[in-house]
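*Asks:* So that we are looking at the same thing, I have put the structure below in structure tokens.
Throughout, read-outs are computed from the coordinates displayed, never taken from laboratory work. Everything quoted here is computed from the prediction, not taken from an experiment. Cβ coordinates were reconstructed from backbone atoms using ideal geometry, including for glycine residues, and neighbour counts include every protein chain displayed.
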Amino acid sequence: MKKTVREDFRIVITPRRLGDLGWMSISDHMASDNIERDTRERCDEIAEQVQRHVDNVGSVEVQFTEVHTCSHCFLTWEELTAEEAADTSTRIDEHSVEGEPVCCDKAIAEFRTERGIPAEQQDGAA
Ligand SMILES: [Zn+2]
């Protein structure tokens, strides 16, 4: 018979949004010019306070996920696989290689310039 055992208990603390001022709420972008840095600082502060004031704490650590985005268009960063770079239905042109970004023309142009790959041919260009 299958039996469920609950173990590895943890407490998850989510920091208050930077724009949540308690008495009013504004966007995080209005509250901070560097959301990543300021949120990290807030988390480090909370972790320190928990460590200092709360009993029976084994360990406290600040965790986060990394999301890769394009600096030009802000979409999620995606790259061609070797198979996609070889496939005429998924690649941009015959110069496409594994690792080429797919989100926007600026990212593709930057990638190609860095590697000395010929620029993308625009559709309809003479
Ligand atoms: Zn992009």
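*Asks:* Residues of segment 54-69 with the amide nitrogen closer than 12 Å to a label point 7 Å from the Cα of Glu36, along Cα-to-Cβ, please.
*Replies:* 65-69
*Asks:* Among residues other than Gly58 whose Cβ falls under 13 Å from its Cβ, what is the net charge (Lys/Arg +1, Asp/Glu -1)?
*Replies:* Details: positive: Arg10; negative: Asp8, Asp55, Glu61.
Within the 13 Å Cβ shell, the charges total -2.
*Asks:* Over the chain, calculate the relative contact order: mean separation of alpha carbon pairs under 8 Å at least 6 apart, over the residue count, as a percent.
*Replies:* 12 percent
*Asks:* Continuing with the same structure: Rounded, prolate or oblate: which fits the chain when a ≥ b ≥ c are the square roots of the eigenvalues of the alpha-carbon gyration tensor, with rounded for a/c under 1.5 and prolate only if a/b beats b/c? Let's see the in-between values first.
*Replies:* Values: a/c = 3.45, a/b = 1.92, b/c = 1.80.
Prolate, because a/c is 1.5 or more and a/b exceeds b/c.
*Asks:* Now, a different point. Round to the nearest 10 and give me the degree value, 0 to 90, for the angle of helix 105-115's Cα axis relative to the longest principal axis of the chain.
*Replies:* Here the helix axis deviates by roughly 80 degrees.
*Asks:* Based on DSSP H runs of at least 4 residues, each adding -39500 (n - 2.57), what is the mean residue ellipticity at 222 nm of the chain after dividing by all its residues, to the nearest 500 deg cm²/dmol? Walk me through the numbers on the way to the answer.
*Replies:* Numbers: 4 runs with 39 residues, N = 126.
Calculated from helices alone, the mean residue ellipticity at 222 nm is -9000 deg cm²/dmol.
*Asks:* Name the long-range amide H neighbours of Asp20: under 5 Å, sequence gap of 5 or more, or other chain; modelled H, no Pro or chain starts.
*Replies:* Ile26
*Asks:* Within a Cβ distance under 10 Å of His68, other residues only, what is the Lys/Arg minus Asp/Glu net charge?
*Replies:* Numbers: positive: none; negative: Glu66, Glu78, Glu79.
Around His68, the surrounding residues sum to -3.
*Asks:* On a 0 to 90 degree scale, rounded to 10, what angle separates helix 35-53 from the longest Cα axis of the chain?
*Replies:* Helix 35-53 and the main axis of the chain meet at about 20 degrees.
*Asks:* Ok, one more. Determine the gain in length on full extension of the stretch Glu7-His72; use 0.36 nm per residue of separation and subtract their C-alpha separation, reporting nm with one decimal. Walk me through the intermediate numbers first.
*Replies:* Numbers: separation 65, 0.36 × 65 = 23.40 nm, distance 4.40 nm.
Separation in residues times 0.36 nm, less the Cα-Cα distance, equals 19.0 nm.
*Asks:* Something else about it: Cβ under 14 Å from Ser25's Cβ, Ser25 left aside: what net charge do those residues give with Lys, Arg +1 and Asp, Glu -1?
*Replies:* Details: positive: Arg16, Arg17; negative: Asp20, Asp28.
Residues near Ser25 contribute 0 overall.
*Asks:* Roughly speaking, what is the centre-to-centre gap between segment 90-109 and segment 13-29 when only Cα atoms are used, to the nearest Å?
*Replies:* Centre-to-centre (Cα) distance: 39 Å.
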